[in-house]
Protein chains: 2
Amino acid sequence: MYKEVNVSKRIIMTPGPVEAQPRVLRQMSQTIVGQFDPEFLTIMSEVKEMIKIPFGTKNKQAFAVDGTSRAGIEAALIALIQPGDKVLIPAYGRFAYLLGEICQRAQAEIIWLEKEWDAPFEEKEVIEAIKKSQPKIVAMIHGETANGQMQSLAEIGEYCRQNELFFVVDMVATYGGVELKVDDWNVDIAIAGTQKCVSVPSGLSLITYNERVEKVLADRYQKELGLGDDEQSDAYISSNYLDLSQLEKYWSPTPINHHTEATVMIYGLHEGLRLMINEGMENVIARHKYNYEVLRESFAKMNLTFYGNMDTMMPTVLPIMIPKGVDGEAVRSTLLREYGIEIASSFGSLQGKVWRVGNMGYSSQKSNILLLLSAFETVLKAYGHDFDYGAGSIHALQMYQEKNDCAK
Amino acid sequence: MYKEVNVSKRIIMTPGPVEAQPRVLRQMSQTIVGQFDPEFLTIMSEVKEMIKIPFGTKNKQAFAVDGTSRAGIEAALIALIQPGDKVLIPAYGRFAYLLGEICQRAQAEIIWLEKEWDAPFEEKEVIEAIKKSQPKIVAMIHGETANGQMQSLAEIGEYCRQNELFFVVDMVATYGGVELKVDDWNVDIAIAGTQKCVSVPSGLSLITYNERVEKVLADRYQKELGLGDDEQSDAYISSNYLDLSQLEKYWSPTPINHHTEATVMIYGLHEGLRLMINEGMENVIARHKYNYEVLRESFAKMNLTFYGNMDTMMPTVLPIMIPKGVDGEAVRSTLLREYGIEIASSFGSLQGKVWRVGNMGYSSQKSNILLLLSAFETVLKAYGHDFDYGAGSIHALQMYQEKNDCAK
């Protein structure tokens, strides 16, 4: 006889999934409505509009894909790729390789531009590589969760547009935590998730694309077999589940049946976006920025250093070098088991060398950060790291107290 | 400024999505835990075991795919199909064409065996077609939601196994409502969803497969780029997101990173399966059967007839012929707008001719059925159908009252 799930309290300071907004979870406990119920169609149309705001876009198309972030990334790439198409992937961290993984399976010809993970690319390096390799698509990660680095995009986007390439950008780690300008940066398709700064449980991917992509999709659209065989295309997309041309019609005001929408997840998404927009995007971004400064300054006072170039770091993930002589996994598991605080390790060559502290969404709040810093000091000390005990946690407390005083 | 979602009360008597168990929704409002949190790994391993029970299988492999039912169906088919492979699809309803849609995109050679939608196939017809066409895979729907018909599988499965074909069966509409015998019927891969008889919100697909399929997957497995390039295959699967060979390792006791698990949905799935198993599969199936008899007898007393062969109908969907002179859509929308009761229309040639009443999961309970029947009589009468007013609803009431008396 299985028992009810009864999960323990957690403070989740990883780069995702982070704590869901309690109000989001409450919204999700509402009753199901059918996917073509008029009430649900209203919810969908509001969600479409709200998704656009953190992306910084006036695109007509924006909707959710029923799958985790990588479902949206795969949908975006296979919407554009036909076998043999050239895709340039500049890689400055782990998730560029996920883009490559997906492109390989879509039978693209991949041109890699690789570098050490300690910083993103100079935009001109990427533009040089484009000139040299003449791809159809440039696919990049905006904010790399593996190393906390963030790529500038405006010049690359401009060059792509001028030369009629497609620019696909994964904004999973920055959506809702950093100011995004999909339109100004000439990004053709942008993808995000729910489980990071939106503070909605994992399970949906968010996507937006412009008229250039709409045109491609119109050419590749094929009506689903079983709903009629009148609209066919020779260039149909390789997946039914992740076919953006069908999903676009499913999310239109006169929806054509596709999957059975995850209605309860959409309630949650509606609430997560709504709370964010009501807080005000500027305030949301300022909150992430300030909390990030507190974390960075306070960890530095614990005699800790960070991985990578400090000028190009993003405010949503802080990669901390595990000090010599300290058992990184023991620190992490002590924090989780004894304090209920989760931080992350990293991938690839950074595994075992770096802790990653997330600063995302609902998890990015004062009390979480103060609790983390105090507990971290205790555990660091217990595991033998040499530093001025109390310096980091008191510094953080003072930063917040001063901020409160200023606000008065 | 967007308002909070505040959905109206609904009685959902469609073939899915149906009402979620309130206890499932409460479970889903628990806090997030990380996907590699030891507590979550325990939940996953329990879910794996519970998924097997309604399938009637002792397979080692059973897990959830993070997407709606068709995500699981696509994952199953692309796990087996390589370009040019022959797939036989016997079609006695709409959803066989979804299988075809997916197989086409996977570049299979499809052999159709088609018939009118009023009944499933005689098993020997399918076996004859297999002999003639020599496919690698036979893909079928167990219970067809479009017409309420259910296919016998045991002989087909036996023939497939003897001849070393793969037998893939979509059990989305029957899982948790009908006794399933995946092992006895020699089904190699079976797929189900959460939004029907499991009474968990849409968003996950359930899958199980046997050692024959495990072997195929072992040959096609390729480690994700970015996690190492040591394990490669020439026959890798066309999708990363829906790659069962990677998902199998993600759901293993020593998980390899893939997507960010939809942890909250998994809490819900855990509870939905748990409640079903605690009720006892025999009791669950008997409840669906009895409620179906009540519906069928009571609707018949309203001078209504049903679509298709009565001997091969499944107990989870009842297709009612819309009587001549009655505006079927007006009846449906009146039920929804005025009573908050949702029933469904149908697809293809049955659209406009048939109403479909679902009898699934938590929605399949006495009070729902009695409310539906009373309201249905009122609306039918108002829209001009000629019948003995009260006969159906009173018959249903008496059936339940007699049952109560017998139980005393």
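The values are calculated or read from the model by the stated rules, or taken from the named source; none is laboratory data. As the structure is a computational prediction, the values presented were derived from the model and not from experiment. Cβ placement follows ideal geometry from the backbone for every residue including glycine, while neighbour counts extend to all protein chains displayed. These area figures cover heavy atoms from the full protein model, side chains too; ligands, DNA and RNA do not enter into them. Shrake-Rupley method; radii C 1.70, N 1.55, O 1.52, S 1.80 Å.
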Checklist entry - So which residues in the stretch A:198-209 are open to solvent by less than 10 Å² (accessible area, probe 1.4 Å) and part of a loop (DSSP other than H, G, I, E, B), if there are any at all? => result A:Val198, A:Ser199, A:Val200, A:Pro201, A:Ser202, A:Leu204
Checklist outcome for this item: Over the stretch B:1-47, the set of residues in a helix (DSSP H, G or I), more than 7 Å from chain A (Cβ to nearest Cβ) and of a type in the set (A, V, I, L, M) is B:Val24, B:Leu41, B:Met44, B:Val47
Item to check | Answer residue from the stretch B:146-182, given it is among the hydroxyl-bearing types (Ser, Thr, Tyr) and open to solvent by 10 Å² or more (accessible area, probe 1.4 Å) and is farthest from B:Leu206 (Cα to Cα) among those | outcome: B:Tyr159
Checklist entry - Could you say whether any residue in the stretch B:61-81 is touching a Lys or Arg at 6+ places or on another chain (Cβ under 6 Å), assigned by TED's automatic domain parsing to the domain that holds B:Gln35 and aliphatic (A, V, I, L, M)? => result yes
Next on the checklist: Going by what's in this entry, would B:Gly67 be described as free of Cβ contacts under 8 Å to residues at least 24 places away in the same chain and facing another protein chain (nearest Cβ under 8 Å)?
Outcome noted: no
Next on the checklist: Taking the conditions exactly as written (without any contact (Cβ under 8 Å) to a residue 60 or more places away in the chain, of a type in the set (Asp, Glu), touching a strand residue (DSSP E or B) at 6+ places or on another chain (Cβ under 7 Å) and open to solvent by 40 Å² or more (accessible area, probe 1.4 Å)), does A:Glu109 satisfy them or not?
Outcome noted: yes
Checklist outcome for this item: Considering residues that are touching a His at 6+ places or on another chain (Cβ under 8 Å) and among the aliphatic types (A, V, I, L, M), the number found within the stretch A:25-78 is 4
Checklist outcome for this item: Across (1) part of a loop (DSSP other than H, G, I, E, B); (2) crowded, with 24+ Cβ neighbours inside 10 Å, B:Asn186 clears everything bar (2)
Next on the checklist: Of the residues A:Arg332, A:Arg356, only one is open to solvent by 40 Å² or more (accessible area, probe 1.4 Å) and under 20 Å from B:Gln35 (Cβ atoms); which?
Outcome noted: A:Arg332
Checklist entry - Here are A:Val18, A:Val65, A:Val5: which of them is hydrophobic (A, V, I, L, M, F, W, C), within 16 Å of the chain's Cα centre (by Cα) and over 24 Å from A:Ile137 (Cα atoms)? => result A:Val18
Next on the checklist: Looking at B:Arg212, B:Arg220, can you tell me which residue is surrounded by 13 or more Cβ atoms within 10 Å (Cβ to Cβ) and closer than 19 Å to B:Lys52 by Cα?
Outcome noted: B:Arg212
Checklist entry - Counting only residues that are under 22 Å from B:Gly16 (Cβ atoms) and open to solvent by 10 Å² or more (accessible area, probe 1.4 Å), how many does the stretch A:259-298 have? => result 1
Next on the checklist: Looking at (1) surrounded by fewer than 24 Cβ atoms within 10 Å (Cβ to Cβ); (2) free of Cβ contacts under 8 Å to residues at least 40 places away in the same chain; (3) in contact with a helix residue (DSSP H, G or I) (Cβ under 6 Å, 6 or more places away or on another chain), which one does A:Ile102 not meet, given that it meets all the others?
Outcome noted: (1)
Next on the checklist: Please go through (1) open to solvent by 80 Å² or more (accessible area, probe 1.4 Å); (2) modelled with pLDDT of 95 or more for B:Gly308 and return the number of the only condition it doesn't satisfy.
Outcome noted: (1)
Item to check | Only listed residue being surrounded by fewer than 24 Cβ atoms within 10 Å (Cβ to Cβ) and free of Cβ contacts under 8 Å to residues at least 12 places away in the same chain, chosen from A:Glu4, A:Glu49 | outcome: A:Glu4
Checklist entry - Can you pull out the residues in the stretch B:392-408 that are exposed (fewer than 15 other Cβ atoms within 10 Å of the Cβ) and either among the small types (Gly, Ala, Ser) or in a helix (DSSP H, G or I) (or both)? => result B:Gln398, B:Gln401, B:Glu402, B:Lys403, B:Asn404, B:Asp405, B:Cys406, B:Ala407
Next on the checklist: Considering only the stretch B:222-239, I want to know if a residue exists there that is over 25 Å from B:Lys58 (Cβ atoms) and among the β-branched types (Val, Ile, Thr).
Outcome noted: yes
Checklist entry - Does A:Pro54 qualify as being in the same structural domain as A:Leu180 (by TED's automatic domain parsing), within 16 Å of the chain's Cα centre (by Cα) and closer than 26 Å to A:Glu211 by Cα? => result yes
Checklist entry - Of the residues B:Gly280, B:Gly325, which single one is more than 23 Å from the chain's Cα centre (by Cα) and more than 20 Å from A:Phe36 (Cβ to Cβ)? => result B:Gly325
Next on the checklist: Exactly one of these conditions fails for B:Pro83: (1) crowded, with 21+ Cβ neighbours inside 10 Å; (2) more than 10 Å from chain A (Cβ to nearest Cβ). Give me its number.
Outcome noted: (1)
Item to check | Residue check, B:Glu74 open to solvent by less than 20 Å² (accessible area, probe 1.4 Å), at the interface with chain A (Cβ under 7 Å from one of its Cβ atoms), under 20 Å from the mean Cα position of the chain (by Cα) and more than 20 Å from B:Val187 (Cβ to Cβ) | outcome: no
Checklist outcome for this item: Of the residues in the stretch B:223-259, those that are more than 12 Å from every other protein chain (Cβ to nearest Cβ), acidic (Asp, Glu) and touching a residue at least 60 places away in the same chain (Cβ under 8 Å) number 1
Checklist entry - Any residue in the stretch B:10-25 that is among the β-branched types (Val, Ile, Thr), without any contact (Cβ under 8 Å) to a residue 60 or more places away in the chain and open to solvent by 20 Å² or more (accessible area, probe 1.4 Å)? => result no
Next on the checklist: Looking at B:Phe347, B:Phe387 in this structure, which one is farther than 30 Å from B:Ala91 by Cβ and surrounded by 15 or more Cβ atoms within 10 Å (Cβ to Cβ)?
Outcome noted: B:Phe387
Checklist entry - Considering only the stretch B:349-379, how many residues are more than 19 Å from the chain's Cα centre (by Cα) and in a helix (DSSP H, G or I)? => result 16
Checklist entry - List pairs: first in the stretch A:120-132 and without any contact (Cβ under 8 Å) to a residue 40 or more places away in the chain, second open to solvent by 20 Å² or more (accessible area, probe 1.4 Å) and acidic (Asp, Glu), Cβ under 7 Å, 6+ apart or cross-chain? => result A:Glu123/A:Glu155; A:Ile127/A:Glu155
Checklist outcome for this item: Within the stretch A:234-277, the count of residues that are more than 30 Å from B:Gln107 (Cβ to Cβ) and under 20 Å from the mean Cα position of the chain (by Cα) comes to 13
